There are 2 protein chains.
Amino acid sequence: MVYHSNFNTDAGYRSIGNYPILPLKTTHKGPAPKADPNSQDIIDEALELFKANILFRNFEVQGNGDRVLIYLTLYITKCLLKIATCNKADAEKQLFTMAQEQFTVPGDSAFPLGGMITIPSTRDATDGIRQSLTQLRLELGVRLVQRVYATDPARPNKWWIRINILVLFGGYMSNPSTPLKRKKTEEIIKNGNGDHPVATNAYRELKRVNTVNYAYQESNGHLKPLNGFVTPLLTDMYQITMAYSLWKNQRHNIHTVFDLYFRKNPFRGEFTVFAGLEEVIRFVSDFHFNDDEVEHIRSLIPDCDQGFIDYLKTLTSKDVTIYALKEGSVVFPRIPLIRIEGPLAVCQLFETTLLNLVNFASLVATNAARHKLAVGKDRVMLEFGLRRAQGPDGAMSASRYSYLGGADGTSNVLAHCFFSIPVKGTHAHSFVTSYNSVSDLVDKTLVGKDGKTYNLFDLALKYRKEMGWTITNESELVAFTAYARTFPNGFLALVDTYDTLNSGVPNYLCLALALNEIGYKAVGIRLDSGDLSYLSKESRKMFKTVGEKYNIDYFNKFQIVASNDLNESTIHDLNRQGHEIDVFAIGTNLVTCQAQPALGCVFKLVEIDGHPRIKLSQETNKVTLPGRKTAYRLFGEAGHPLVDLLLLTPTNASSSPDEIPKAGDKVLCLHPFEEQKRVIVTPKAVEELHIKVFDKGQVMTNPLPSLEEVRAFCLSEIQRIREDHLRASNPTPYKVSITKKLYDSLHSLWLESVPIREMK
Amino acid sequence: MVYHSNFNTDAGYRSIGNYPILPLKTTHKGPAPKADPNSQDIIDEALELFKANILFRNFEVQGNGDRVLIYLTLYITKCLLKIATCNKADAEKQLFTMAQEQFTVPGDSAFPLGGMITIPSTRDATDGIRQSLTQLRLELGVRLVQRVYATDPARPNKWWIRINILVLFGGYMSNPSTPLKRKKTEEIIKNGNGDHPVATNAYRELKRVNTVNYAYQESNGHLKPLNGFVTPLLTDMYQITMAYSLWKNQRHNIHTVFDLYFRKNPFRGEFTVFAGLEEVIRFVSDFHFNDDEVEHIRSLIPDCDQGFIDYLKTLTSKDVTIYALKEGSVVFPRIPLIRIEGPLAVCQLFETTLLNLVNFASLVATNAARHKLAVGKDRVMLEFGLRRAQGPDGAMSASRYSYLGGADGTSNVLAHCFFSIPVKGTHAHSFVTSYNSVSDLVDKTLVGKDGKTYNLFDLALKYRKEMGWTITNESELVAFTAYARTFPNGFLALVDTYDTLNSGVPNYLCLALALNEIGYKAVGIRLDSGDLSYLSKESRKMFKTVGEKYNIDYFNKFQIVASNDLNESTIHDLNRQGHEIDVFAIGTNLVTCQAQPALGCVFKLVEIDGHPRIKLSQETNKVTLPGRKTAYRLFGEAGHPLVDLLLLTPTNASSSPDEIPKAGDKVLCLHPFEEQKRVIVTPKAVEELHIKVFDKGQVMTNPLPSLEEVRAFCLSEIQRIREDHLRASNPTPYKVSITKKLYDSLHSLWLESVPIREMK
């Protein structure tokens, strides 16, 4: 729950625009009137509510007090970053300095809460706000230090720092000091972006995460794609030649509507996860040809008119409006995932790039969702595909969208860096084979939890002897010792280099016992070959036996990670056979979508100048649904979606729109092509699926949802779908229907376009 | 043939280091002695030989005269770029100014021919070279203008400008003015790189192309990856944890050898095209962790020792040496594509990134080669996969490596921009459906070759009537007219929007006849649906019939482009059925490698501290070949490769190396695992396959071969392979063998590592 300011209601304060000069308890000079020393002022409030409010993304401004509250909350995050490693005295100094450093005020392009506070119209007004903010910053610094160092003047209270870091960085940082990210964040807060585009985008991403709690607007109101290759030149040549021809024939500015959709669910399934929208919005938001790009086009069409070149230079997305399903939605064939409305030439120039951005993203997200369904909610799925992915960005996209679709982590360090996806990994076979004998172990010791130094290798040998495991591979034991003394708190061993059950698992257990003796808990094993069902079950048995022998409970719960060329169907097979695997690490099959490496999204013109257009095909399935359409999802009694219904919502005001389905009312749903397939539905609930995400050049939802949010939405969406639609084999098709009005429009246009021909 | 300087042999000239002060015919002041006015001086020579020499890539310096010749040749290219749009008077002024502008001399880091001219050791020597170069530049400017404006003082001779542009930009620019590229090149020559990394890399790529004629060295001697995501963090987490453990156990600096290879050819074939090496070399050359990256790692292993962090900060590839097969080679299982030698931890940190860079690149290149074999040498293959590729870089990689493997062009404009791959495209169905009636055609006219204005649409209608094609779709005819008047010299129409044979082809022919009447030649049609064999044959018949009726020869030769979900096997089917297709445009199946979306390259430790290492597996095929090995290709009488032979070339000087096979001598070749499979070969010729590409931090071949060169090499390689190895169905496996010495080493290590176990 978001907490609002108590200063929202009282209108008695002086204001500059909508910025109120609230009373303060302070000795610092400034415009604030004196507050009652016995009551809470806005700074008390901001500090009290900080930990609660910072956890929330959306903060609706309910009054002017909230404006100051939000400013102070954001300022607290900056202060906490600054003092994370300071003692009290240093913190006081730092915050005193910071309060008075040059900072932005409403009207500056870099002001972080642009739009939230009225831009002052006079210089005096600007100065007034600046003085008030300075006073607030100074007083806040003093009181924050009091609270954060209340128990220990030597270091800040962990909880304050931690909650700040957690929220800023999406909850993954176990280490509150994370200097890189802190540094970057500070840089960003101070300096804006760097000039390295990939890095800039990474910064931007961080910035987005960091400022996501408040309605943040980039200074120019535009977002940029994360990937440096995503430019207007990332398109097919024919889009350029068509644009030229459209311009040449004065057709470029005709208002059109295009649908982006697919015709068939991938992987022989009956559902798809929609992904890629964020990058689409970023691309569209930033859409323009820079001088170099324009000149490159000129070099491709050397004879083209200068007028076309001039036209290209002015092109932006200012006349474009986009409706889309929410990213992470579970979607079905023929429902427009994205509906693009705008000038013909611009829409056409979007086609290839949008398809590129949606096709692979949705394919991987769907693949991940299917794999996660196979793995099951109670087990962990990791994406380990970097080495086999389609090049560097194929890998980055795969990591990002696998996570969106349900993966719980990745092995890809750069994906962690960019997207804050949890990252996992232990060691490879080569690490084990790089050890040959005991003499390779320069140092055998480890300091135990008790602070004493132990010979870890000798301890392991002792248990090896006790257990009678004399034939385990000694060089493997040496390698495990080397690894365990590096990561005593996170020891997870790859056990199949020589012989899983005769060497790897026993050697692992020797080290686990040795670590246990000196106060550490081993974590588990990874199996990378062989019969994973059998080996996991046998390993679990050995864990139990040894745990019981030495009376150690947690041995029974050692993690078993499996990672050998897994895919959806082998996981289903394993589930049927039974296994003891806790974590499935899936590589090639997940990231390359081996089972079906392409999703066939298309981009089709459906309305031009107010008139519906149809694209025919000898294959009925490829005929387009003409006209501007909006989708509704109709839910049944049990809360599951029953049917998606497309209805006509024409641009042309003179065409009467379809009636919007209502909960409790009967609605006739027709199959688009088979007239006998029809059904009357009385929905328990109705949801409109299309949301306006971009309105004549403006991003509607800013900040865009974070990857974490989209992932959570995706998982909740999958939960809502009836299980038989999700089933791996022979799933039930989900119904996608159209209204009677759309059906009639489709079929009359169809007949019109195909005149009866005579046969000779 | 490269032409060398006549001033190489005469040693009588004064020199500064190896830079000779050659006699000149000039009135410009400077250190040059007066030349005989009746003989050629070095400037005459440079201008005479320019057009010949600039076509060559490799120029071996045979004497000091060549050093000046190369400098002048490079300077001519700069001059020509400068004056490309000038008249004679302006050109004189421009070149006079340019000659004296600040320029670099040997010793400056930006001097373009670093290494070729001795760096002068004294200030006087530097000044001497600078004065001489100034004199040369001034005189060259004067004489170049005389030649370039010999026929027309108003504009430069096309041929001079054109050959320059052609060579600089890889031969694709039909338009000599190409201002973007010229601008970029000038910027590069003047300013070095920009600071936009993707763009920087694009510039760098251009720069490489531009300077490829001479032994160019980047100022710091390091190359950088083209893709901004290719950083040391693009790796699996376990490489980082392993590196830490290796460091912690003082194993990080042990000298190791790793092999990167695959075990099975993709696509059920018996050959593979090796690609991705350039990006690997760039990555390795630039390998280092910057401060942000180090801090990111610290955040991942929060408890790690500061010493490890310090170690990471110093890491480079300075102790790494790499041997590799040539990029574009036809390769076979188990032959190391890349052999990496260096400190254990560094090699390990390369693993994932190298696999990522080689796997997809080689897979796509192989896929393209297979598709091109199906298409045939006499027909054209285009890559049209951008919209279905695996994200933006999946697409960029796919375009790049498809071209390398044999595609003749792409639809991807950005790939043209970055890699100078020829780009193709016409229009889409939506272009056709965007026209509804004649009233949509605002302007029906086109200026004919005779300069008169014609009503193109009426002309088309006239022919439509003459041919009796009254039922063709009129809105399609309108759309074709719009397109034809935009591209009268390049009219190629998509003919299947409504009905290929009853509407599309007839409408196309109406426009082709109309264009013909006013002096233009149409180009052809694209078929995107239906039975491509039948439709292409019927279309060809119609071309012939109409061509004969109107007595127009070239109608018979209209291009037929096919583009409907093509893949290797459908192309083979089409070939069997017969067809009239000239150009195959292949999308999804080419770029996603639908038939097998991953290549399984692995990266295995084969030698450590001078000792061979083996990695065992229950699958014999997965057992590694231990030891440092070099591959030789043995050729038979007919010039085809017979067998690839791996032999031992241990790091350890005390181990005796294998005998290198010689042409004409018998050599015993053994199957690595099946002792009865052995053969004695007497090769007609022997080639060593492994080339040192990186030597202790230094790139060996700089500049790296261009994409164009690698592609040419790949195509020539494929020509050499016996056809039965290349066959699409049931190809003959190519033999990969090992020497007796390697066989013995492998099998004795194997037995050592697997002790005989007792069964209970």
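Only the coordinates and a few stated rules stand behind these numbers; no lab work does. Computed from a prediction, not measured in an experiment: that's the story for all the values here. Here the Cβ is made from the backbone with ideal geometry for all residues, glycine too, and neighbour counts use every protein chain on show.
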Taking a crude spin-label model, label points 7 Å out from Cα along the C-beta direction, the A:Lys264 to B:Arg678 distance in nm is 5.3 nm
Projected-area mean, chain A, by convex hull of Cα positions, square nanometres:
43.2 nm²
Run the numbers on chain B and let me know its relative contact order in percent, using alpha-carbon pairs under 8 Å that are six or more apart.
13 percent
Other-chain or far-sequence residues with amide H under 5 Å of B:Gly409's (modelled H):
B:Glu383
Rounded to 5, percent antiparallel among DSSP beta bridges of chain B
70 percent
Cα-projected label distance for B:Lys29 with A:Thr545, points at 7 Å along beta-carbon direction, nm:
9.7 nm
Could you give the nm distance between label points at B:Ser654 and B:Lys740, where each point is 7 Å from its Cα heading toward the beta carbon?
2.5 nm
Position B:Gln102, label points 7 Å along Cα→Cβ, spacing to each other copy in nm (shortest first, one decimal)
2.8
Amide H of A:Leu566 versus every other amide H placed in the peptide plane: which residues, excluding those fewer than 5 positions away on the same chain, fall under 5 Å?
A:Gly587
Rg(Cα) / (2.2 N^0.38 Å) computed for the stretch B:1-49, rounded to two decimals:
1.16
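Report, to two decimal places, the Cα Rg of the stretch A:356-404 normalised by 2.2 N^0.38 Å (N = number of residues).
Details: Rg = 10.9 Å, N = 49, 2.2 N^0.38 = 9.7 Å.
This ratio for the stretch A:356-404 stands at 1.13.
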Links that overshoot a 22 Å alpha carbon limit, given the list B:Lys622/B:Lys677; B:Lys224/B:Lys326; A:Lys158/A:Lys557; A:Lys615/A:Lys692:
A:Lys158/A:Lys557; A:Lys615/A:Lys692
Rounded to 0.05, the calculated FRET efficiency for the beta carbons of A:Asn157 and A:Asp443 at R₀ = 45 Å is 0.75
Tell me which DSSP H helices of chain A clear both cut-offs, 24 Å or more of axial length from alpha-carbon atoms and a mean Kyte-Doolittle hydropathy of at least -0.5.
A:64-83, A:123-148, A:344-375
Determine, from the Cβ-Cβ distance of A:Asp303 and A:Tyr534 and an R0 of 60 Å, the FRET efficiency 1/(1 + (r/R0)^6), rounded to the nearest 0.05.
0.30
For the charge dipole of the protein assembly as shown, defined by +1 on Lys and Arg C-beta atoms and -1 on Asp and Glu C-beta atoms about the Cα centroid, which residue among A:Ile738, B:Leu47, A:Gly627 has the Cα displaced farthest towards the positive pole?
A:Ile738
For the stretch A:429-559, with +1 on Lys and Arg beta carbons and -1 on Asp and Glu, the positive-most of A:Leu477, A:Leu492, A:Phe558 along the dipole:
A:Phe558
What share of all Cα pairs of the stretch B:328-385, in percent, falls into each consecutive 10 Å distance bin?
17, 39, 25, 13, 5
Span from the the stretch B:528-603 Cα centroid across to the the stretch A:637-671 one, whole angstrom:
43 Å
Under 18 Å from B:Lys372, Cα to Cα: lysines that are on another chain or at least 8 residues apart
B:Lys424
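Dividing the convex hull volume of the alpha carbon atoms of the stretch A:429-559 by its residue count, what do you get in Å³ per residue?
Here the figure is 93 Å³ per residue.
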Residue-averaged 222 nm ellipticity for the protein assembly as shown, from DSSP H runs of 4+ at -39500 (n - 2.57), nearest 500
-13000 deg cm²/dmol
Ranked B:Glu92, A:Glu607, criterion: other C-beta atoms within 10 Å, fewest first:
B:Glu92, A:Glu607
Let me spell out the model: positive unit charges on the Cβ of Lys and Arg, negative unit charges on the Cβ of Asp and Glu, origin at the Cα centre of the stretch A:429-559. What dipole size does that give, in debye rounded to 20?
420 debye
Rounded to whole angstrom, how close does the nearest chain B beta-carbon get to the axis mapping B onto A, and which residue is it?
B:Asp393, 1
Give, to the nearest whole percent, the P(r) tail of the stretch A:654-760 beyond 19 angstrom, counting all Cα pairs.
68 percent
Once Rh for the protein assembly as shown is found with the Kirkwood sum over Cα pairs, what is the Stokes-Einstein diffusion coefficient at 37 °C and 0.692 mPa s, in µm²/s?
91 µm²/s
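Among A:Asp582, B:Asp393, what is the fewest-to-most ranking by other Cβ atoms within 10 Å?
Placing the least packed residue first, the sequence is A:Asp582, B:Asp393.
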Sorted by Cβ neighbour density within 10 Å, fewest at the top, the residues B:Val68, B:Val438, A:Val364, A:Val681
B:Val438, A:Val681, B:Val68, A:Val364
Residue by residue, what Karplus-based ³J(HN,Hα) values in Hz, rounded to whole numbers, does the stretch B:408-418 have, using 6.51, -1.76 and 1.60 with θ = phi - 60° and x for Gly and Pro?
9, x, 9, 8, 7, 5, 5, 5, 5, 4, 7
Mind giving me the FRET efficiency for B:Asp450 and A:Lys622? R0 is 41 Å, r the Cβ-Cβ distance, nearest 0.05 is fine.
0.40
Cα to Cα, under 22 Å, and not fewer than 8 places away if on the same chain: which lysines meet these conditions relative to B:Lys462?
B:Lys444, B:Lys449, B:Lys452, B:Lys521, B:Lys541, B:Lys544, B:Lys549
